[in-house]
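Q: Input: one structure, supplied below.
The values are calculated or read from the model by the stated rules, or taken from the named source; none is laboratory data. Please read these numbers as outputs of a predicted model, since none were measured by experiment. Because the Cβ atoms are built from the backbone with ideal geometry, glycine has one as well, and the counts that use them run over all protein chains shown.
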Amino acid sequence: MSTFVLVPGFWLGAWAWEGVAGPLRAAGHVVYPVTPPGIAERAGETGELGLEARIADLADLLVREDLWDVVLVGHSGACAPVGGVADRMPERVRRVVYLDSGPVADGGSLYDMWPPSYREFAEATVVDGRLPMPPWDVQSAEGASTEGLDEAVLAAVFERATPEPVGAFMDRLRLTGAGDATAKALVCCSFPLEQVRAMIASGHPWFAGMDGPNWELRELPTGHWPMFSRPADTAAVLAELAALPVS
């Protein structure tokens, strides 16, 4: 059995993992769905709520719960904090799984990776240092597909979403390289694996190193929100990756 720490993308709390955590627990795994600082039931928190706070929060969870051999899952914008904690505590992490996301390089930020049109939209809609969840059509236009989600699910998720502290996507990730050898996996959902392999072969910097021996690549065809559109299948692919041996 494996220990999973599930970190949601922007605007989402631990509640987003309900459909994934259930099947994993039913199979005997230990599961810790995470609510980042300043989100959902933690929305009232103040002070430092940026990237460093998220990394520290995850590190605190691993220490507080004495977690080792962890499968650390980061959906979408959670790619930066999971990469950060894996760099700082590699001895506790068995594998990092990027769920429809990907690693952020040292010195990079999520904001750097956004198209100019999305940056402009975000800058225009930030209120009191937080970015409300953009409408679904805006997200879809920028590549965050809603495939597999009906109107009821879209409405429910949007209603529960929490405005995101700007530091979560503006702050730059600082890495030491200590987590470079940690086993990693990419689960493609809203973009085909064939396209990813082509980007790897072309030397695209976002996919650097993914052809290495410590990477596993999987495909789960759906939209950008697999925990809502295909929760049981998401749990299954995470369990498969957790069962693979690591060097």
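Q: So, of the residues in the range 134-160 that are among the small types (Gly, Ala, Ser) and under 17 Å from the mean Cα position of the chain (by Cα), which turns out to be nearest to GLY9 (Cα to Cα)? If you could, list the steps in order and put the result at the bottom.
A: From the range 134-160, those among the small types (Gly, Ala, Ser) are 140-141, 143-145, 148, 152, 155-156; that's our starting set.
Keeping just the survivors that are under 17 Å from the mean Cα position of the chain (by Cα) gives 143-145.
Numbers: GLY143: 15, ALA144: 12, SER145: 14 Å.
Per the criteria, the residue is ALA144.
Residues are listed down the side, and each one gets a yes or a no for (1) touching a residue at least 24 places away in the same chain (Cβ under 8 Å); (2) of a type in the set (A, V, I, L, M):
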| site | (1), (2) |
| --- | --- |
| TYR111 | yes, no |
| VAL127 | yes, yes |
| GLU159 | no, no |
| ALA178 | yes, yes |
| GLN195 | no, no |
| ALA201 | no, yes |
| HIS204 | no, no |
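Q: Among the residues of the range 1-59, which ones are outside any loop (DSSP other than H, G, I, E, B) and among the polar types (S, T, N, Q)?
A: THR3
Q: Are there any helices (runs of 4 or more DSSP H) wholly within the range 143-223 with 1 or more residues that are β-branched (Val, Ile, Thr) and either more than 25 Å from ASP69 (Cα to Cα) or at pLDDT 95 or above (or both), and if so which?
A: 151-160, 193-202
Q: Within the range 81-98, is even one residue more than 15 Å from the chain's Cα centre (by Cα), hydrophobic (A, V, I, L, M, F, W, C) and within 26 Å of THR222 (Cα to Cα)? If you could, list the steps in order and put the result at the bottom.
A: From the range 81-98, those more than 15 Å from the chain's Cα centre (by Cα) are 87-94; that's our starting set.
Among the residues that remain, those that are also hydrophobic (A, V, I, L, M, F, W, C) are: 89, 93.
With within 26 Å of THR222 (Cα to Cα) added as a condition, the list becomes none.
No, the range 81-98 contains no residue that is more than 15 Å from the chain's Cα centre (by Cα), hydrophobic (A, V, I, L, M, F, W, C) and within 26 Å of THR222 (Cα to Cα).
Q: Additional query: Would the range 225-244 turn up any residue that is under 18 Å from the mean Cα position of the chain (by Cα), farther than 26 Å from VAL31 by Cα and not in a loop (DSSP other than H, G, I, E, B)?
A: For the range 225-244, residues under 18 Å from the mean Cα position of the chain (by Cα), farther than 26 Å from VAL31 by Cα and not in a loop (DSSP other than H, G, I, E, B): absent.
Q: Please find, within the range 45-95, the residue that is surrounded by the most Cβ atoms within 10 Å (Cβ to Cβ) out of those that are under 21 Å from ALA239 (Cα atoms) and of a type in the set (Lys, Arg).
A: Among those that are under 21 Å from ALA239 (Cα atoms) and of a type in the set (Lys, Arg), it is ARG95.
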